[in-house]
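Everything on this sheet refers to the single structure shown next.
The values are calculated or read from the model by the stated rules, or taken from the named source; none is laboratory data. Everything quoted here is computed from the prediction, not taken from an experiment. Please note: Cβ atoms are built from the backbone with ideal geometry, for glycine as well, and neighbour counts cover all protein chains shown. We work out accessible area using only protein heavy atoms, side chains counted, and drop any ligands, DNA or RNA first. Shrake-Rupley method; radii C 1.70, N 1.55, O 1.52, S 1.80 Å.
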Amino acid sequence: LLSGVHGHLYKTIFLVGSGEPELVPAADVTVGLIDMLGVRPRWGRTFSADDTQQTDVHTVLIAEAIARQRFGDPARAVGQRIETTAEPLQVVGVMPASFRFPDGSQRIWRVFDPRGPLAQNMGISLIARIADGLSFPQLSPMMEARSEALYVAAGARTVLVASPAPMRAAPVVAEQRRLLFVLLGAAVSLLLTACANAASLELAGALARARTY
């Protein structure tokens, strides 16, 4: 059904160290997502599988504005570290100023860590490219049937059906617009409702326990 599936998770990062401390909108993205969108860093490289093995530092792509603000010349930002209130960030690439994903406010893209607490307790938004030869109207019933079959095979009491929706393009510039129009007809956006529901239940339980103290 799908030729590629990647995900992202919204977050914020508090930058410290050189420059003014600031809270920056960011996103954790899986290796391959930036490549699937067809966008390349203006300086440096995108993520690789080796980046997911880092334990002492997180690999990131940063916006051109942050690179200029903190390093002057964006080309100098590649290979540098940025200090945060949590772990340090290793810059491997600088995205062009025109890049807007997922909603236009993000200025840091960190390689996704499936072992992290956010990944375990919050829903991750997925973007998938439809396989060649398959139309979007054909995809919906096929996904519904397969998702139901997976729940039944797993013995789940409740069946949650995955429903695809066309990808909504964020603000883009001319060189990206053609690609994203292609993705509008060739990609789907999936929300893992089960994860979101689990996170809501966990939060409700935590609030209830807090009231007892």
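Exposure check, 1.4 Å probe, all protein chains in place: residue 56 carries approximately 90 Å² of accessible surface.
Of all alpha-carbon pairs in segment 39-168, indicate the percentage at a distance above 26 angstrom. That tail contains 42 percent of the Cα-Cα pairs. Taking other residues whose beta carbon is less than 15 angstrom from the beta carbon of residue 48, and scoring Lys, Arg as +1 and Asp, Glu as -1, yields -1.
Segment residue 2..residue 138, full-extension length gain: 47.8 nm, with 0.36 nm per residue of separation and the alpha-carbon distance subtracted. Surface calculation, 1.4 Å probe, protein heavy atoms: residue 39 sits at approximately 10 Å² accessible.
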